[in-house]
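Here the structure comes first, spelled out in structure tokens, and everything after it is commentary.
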Amino acid sequence: MANGLKNAVMVLVGLLLGFVLFNQSTDTPNTPNSSSQSNQSVSQTDRTSINNDRINAIVTRAMETFNVPGMAVAVISPDRPTPYFKGYGIANVDTQTPVTPDTLFGIASHSKAYTTGALAILVDEGIIKWDDRVQKYIPEFELYDPWVSEHFTIRDLLTHRSGLPLGAGDLMWWPNPDFSRQDVINGLKHLKPTSQFRTKYDYDNLLYIVAGEIVTRTSGMSWEDFVTERLFKPLDMTNCYAVRRYIPEGTDEARPHAVVDGQLVTTFFTKSEPSSSAASLTCSISDHAKWVQLQLNDGVLANGDALFSKKQHAEMWKPVTLRGVSNSMRERINMQLNAYGLGWGVSNYHEQLMIQHSGGLQGMVTLTTLLPDTDTAVIVFTNRMLGGPMRAITYQILEEMFGYKNQNGDHHDWIAFYDNAAKASAQRAAATIKNAAPKAAAPKPASTDLAAVIGTYRDPWYGDIHVRAGDDGKTRIIFSKTPVLVGDLSHHDGDTYIATWDDRSLFADAYLTLKVSDGTVVSATMKAVSPETDFSYDFHHLNLSKVE
């Protein structure tokens, strides 16, 4: 890794020492820790190792603790002649197919780093610049504020500082709606910001879709073909696919899973379009590791050629947008810096720079962690949508690899830590859902009859949502552009109803609250019932007017 980048980042870490960021990190639970869990630092020369038996024990325990059907794990470190690759468990509970290092997993938001890699090639070739305005290449690009629209740059597309709230407009790509990329671009102008431009971190998917369109319009190739030809082929990544339609029939692939009514079941695959450049890649862990090794090599291929220059590689890892640091990460790994660069999270692991990104799809989550100062990386792919296992495995391996211990001389138990955090979160969610259930006592009556509720509700960026009377006497809610968002609508309290989706693997039941004037329904808002619902079910950003 370039020494200049290392020094710049660690200087920034030093400047942040002692500066308390009270906002919780988006990636880690903010679970209180006792003083016994504070860490003693060790130098890089004190690095130990971790053998395969210990890795197996960590992964096996995590899978059992969190009820994960299958995983693939990779460890890259200088003390290993070749990377450690191993598949664990099963790819599909229905077929009992085992996971191998060549099993495909959806790696979701890891796609963002590949998109910035594609853009870096175009910067090297003089076709674009990071600080070019988006409207130079996409004239119809428009956000809510005209001034922001005019001044919005490619760098802004990549750094989650647009002013839009977390996940704004994600229902245009999740879960499997019928939108095009152009629909997404056209819909952006209707999304209202909640913070000032370039002042606050809020994770965003839609702007990475726009970034992919920059690749398309400036290269003359689709984003999918550019990534395949200019990234995958030079790296000999023959088992990585830009979109699902490129995957050959019969390819070994992990199925996404969810727990429904206490049973582990398969669920649907997330479509690639329109979110290709934000979340569409499907890779084996052995192929994705080639991309990770490229990152550790500053963008240089095994044959000595540069896929992208060291200058652009350093640009991608520069901290741009600050994020919060949780108390738990500050105490356990001495995290002082937590920021986002271009397609990568930039932070520190004790005295080392840490580069990291996760990915989440329906029924599948993945995590890549690099410590470039010591040429180390840990990659964990899982086929259940639960973040604790991949993080527990990653931090347990790193802690034992580098010999970090708490003041009692023991390693932290990361599996127990994330298990306790998950249980606490589940308890809070269960309490919320219980309160949302039909009340035993008589709820407040609706201010209008059900016939007035029936009709079509329209949002300017999503489109139409229909409320219909079913043949069985039930009331149905139907999202016109999202086939999976169909379910029963039942009265809850006053003018609030609950949408209960037919597909119980969604974990996204939602309130529909009506605004009634003189007995007429004029508008409605929605929000998820459970606080554990994925943020990409952004019902709360809908502004529904009744049009029928």
So which strands (runs of 3 or more DSSP E) stay within the range 436-532 end to end and still have 1 or more residues that are without any contact (Cβ under 8 Å) to a residue 24 or more places away in the chain? 463-469, 475-479, 486-493, 496-501, 510-517, 520-528
Can you list the strands (runs of 3 or more DSSP E) lying wholly within the range 67-143 that have 2 or more residues being touching a helix residue (DSSP H, G or I) at 6+ places or on another chain (Cβ under 9 Å) and among the aromatic types (Phe, Trp, Tyr)? 84-92
Residues in the range 451-480 that are hydrophobic (A, V, I, L, M, F, W, C) and over 32 Å from the mean Cα position of the chain (by Cα) total 5
What number of residues within the range 344-360 satisfy the criterion of being of a type outside the set (Phe, Trp, Tyr), within 30 Å of THR267 (Cβ to Cβ) and touching a Phe, Trp or Tyr at 6+ places or on another chain (Cβ under 8 Å)? 2
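Hey, among ILE415, ILE379, which residue is farther than 19 Å from ALA258 by Cα, in contact with a strand residue (DSSP E or B) (Cβ under 7 Å, 6 or more places away or on another chain) and among the aliphatic types (A, V, I, L, M)?
None of the other options fit; the residue is ILE379.
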Answer yes or no: is there a residue in the range 242-250 that is in a loop (DSSP other than H, G, I, E, B), charged (D, E, K, R) and within 22 Å of PRO177 (Cβ to Cβ). no
Being touching a strand residue (DSSP E or B) at 6+ places or on another chain (Cβ under 6 Å) and in contact (Cβ under 8 Å) with a residue 40 or more places away in the chain, is that true of even one residue in the range 193-201? yes
Output the residues belonging to the range 201-227 that are outside any helix (DSSP H, G or I) and open to solvent by less than 10 Å² (accessible area, probe 1.4 Å). ASP204, ASN205
Would you mind stating whether GLY363 is closer than 26 Å to VAL123 by Cβ, under 13 Å from the mean Cα position of the chain (by Cα) and surrounded by 21 or more Cβ atoms within 10 Å (Cβ to Cβ)? no
Evaluate the following for GLN263: is it open to solvent by less than 10 Å² (accessible area, probe 1.4 Å) and over 30 Å from ASP183 (Cβ atoms)? no
Scan ARG181, ARG198 and give me the residue that is at pLDDT 95 or above and buried (at least 19 other Cβ atoms within 10 Å of the Cβ). ARG181
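From the residues in the range 467-487 that are among the charged types (D, E, K, R) and either at pLDDT 95 or above or within 11 Å of TRP501 (Cβ to Cβ) (or both), which one is surrounded by the most Cβ atoms within 10 Å (Cβ to Cβ)?
ARG476
Kindly indicate the residue of the range 91-136 that is among the small types (Gly, Ala, Ser) and over 24 Å from SER536 (Cβ atoms) and also surrounded by the fewest Cβ atoms within 10 Å (Cβ to Cβ) among those meeting that condition.
Of everything passing the filter in the range 91-136, GLY126 is surrounded by the fewest Cβ atoms within 10 Å (Cβ to Cβ).
In this structure, does VAL292 turn out to be within 29 Å of TRP173 (Cα to Cα), surrounded by fewer than 21 Cβ atoms within 10 Å (Cβ to Cβ) and among the β-branched types (Val, Ile, Thr)?
no
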How many residues are charged (D, E, K, R) and open to solvent by less than 10 Å² (accessible area, probe 1.4 Å) if we restrict to the range 168-178? 1
Name the strands (runs of 3 or more DSSP E) wholly inside the range 351-413 in which the number of residues that are of a type in the set (Gly, Ala, Ser) is 1 or more. 352-361, 376-382
Please determine whether any residue of the range 483-495 is under 25 Å from the mean Cα position of the chain (by Cα) and of a type in the set (Ser, Thr, Tyr). no
Of all residues in the range 137-167 being more than 13 Å from ILE209 (Cα to Cα) and among the hydrophobic types (A, V, I, L, M, F, W, C), which is surrounded by the fewest Cβ atoms within 10 Å (Cβ to Cβ)? TRP147
Only residues that are out of contact with any strand residue (DSSP E or B) (no Cβ under 8 Å at 6 or more places or on another chain) and either free of Cβ contacts under 8 Å to residues at least 24 places away in the same chain or in a loop (DSSP other than H, G, I, E, B) (or both): list them for the range 144-154, please. TYR144, ASP145, PRO146, TRP147
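More than 30 Å from ASP375 (Cβ to Cβ), touching a strand residue (DSSP E or B) at 6+ places or on another chain (Cβ under 7 Å), crowded, with 22+ Cβ neighbours inside 10 Å and not hydroxyl-bearing (Ser, Thr, Tyr): is that true of HIS257 in this structure? Walk me through it before giving the result.
Values: more than 30 Å from ASP375 (Cβ to Cβ): yes; touching a strand residue (DSSP E or B) at 6+ places or on another chain (Cβ under 7 Å): yes; crowded, with 22+ Cβ neighbours inside 10 Å: yes; not hydroxyl-bearing (Ser, Thr, Tyr): yes.
Against the criterion (more than 30 Å from ASP375 (Cβ to Cβ), touching a strand residue (DSSP E or B) at 6+ places or on another chain (Cβ under 7 Å), crowded, with 22+ Cβ neighbours inside 10 Å and not hydroxyl-bearing (Ser, Thr, Tyr)), HIS257 qualifies.
The values are calculated or read from the model by the stated rules, or taken from the named source; none is laboratory data. Bear in mind that the values here come from a model prediction, so they are computed numbers and not experimental data. Using ideal geometry, Cβ is built from the backbone for each residue, glycine included, and neighbour counts are taken over all protein chains shown. Remember, those area values only see protein heavy atoms, side chains included, never the ligands or the DNA or RNA. Shrake-Rupley method; radii C 1.70, N 1.55, O 1.52, S 1.80 Å.
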